[in-house]
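What follows is a set of notes on a single structure, which appears directly below.
The values are calculated or read from the model by the stated rules, or taken from the named source; none is laboratory data. Since this is a predicted model, take the numbers as computed values, not measurements. Neighbour counts run over all protein chains shown; Cβ positions are idealised from the backbone, glycine included. Accessible surface areas use protein heavy atoms only, side chains included; no ligands, DNA or RNA. Shrake-Rupley method; radii C 1.70, N 1.55, O 1.52, S 1.80 Å.
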Amino acid sequence: MTTTLYQFSIQELNKRQGTWPEIAKQCDVSYSWICKFANGKIPNASSTRVERLANLLRAWNRSKSSHKIL
């Protein structure tokens, strides 16, 4: 099953609820937009915003995994 950028972004946001203010700042969107998007209240979100958000969340995943002790 393929996950869309929209689905991926919502899943990742829900894993990082405490970091939404920082995510909003880094994505150049409002905290309110992040809250609404994560809760499915923006069904037709701009593809540019969703892509920017997904790219940031992927970068955070890579950064997090690179700091794990093997």
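Worth a mention:
- For the chain: accessible area per residue (Å², 1.4 Å): 70
- Calculated from the structure at hand, P(r) over Cα pairs in 10 Å bins from 0, in percent is found among (1) 17, 38, 33, 11, 0; (2) 21, 53, 22, 4; (3) 20, 56, 19, 4, 0 as (3).
- Percent carbon-and-sulfur accessible area, the chain, ignoring ligands, DNA and RNA, probe 1.4 Å: 52
- Split the chain at each of the trypsin sites (Lys or Arg not before Pro) in a DSSP loop with at most 12 other beta carbon atoms within 10 Å, and the longest piece is 1-40.
- For the chain, averaging the sequence separation of C-alpha pairs within contact (under 8 Å, six or more residues apart) and dividing by the residue count gives a relative contact order of 37 percent.
- Rough spin-label spacing in nm, given labels placed 7 Å along Cα→Cβ, for E51 and K64: 2.4
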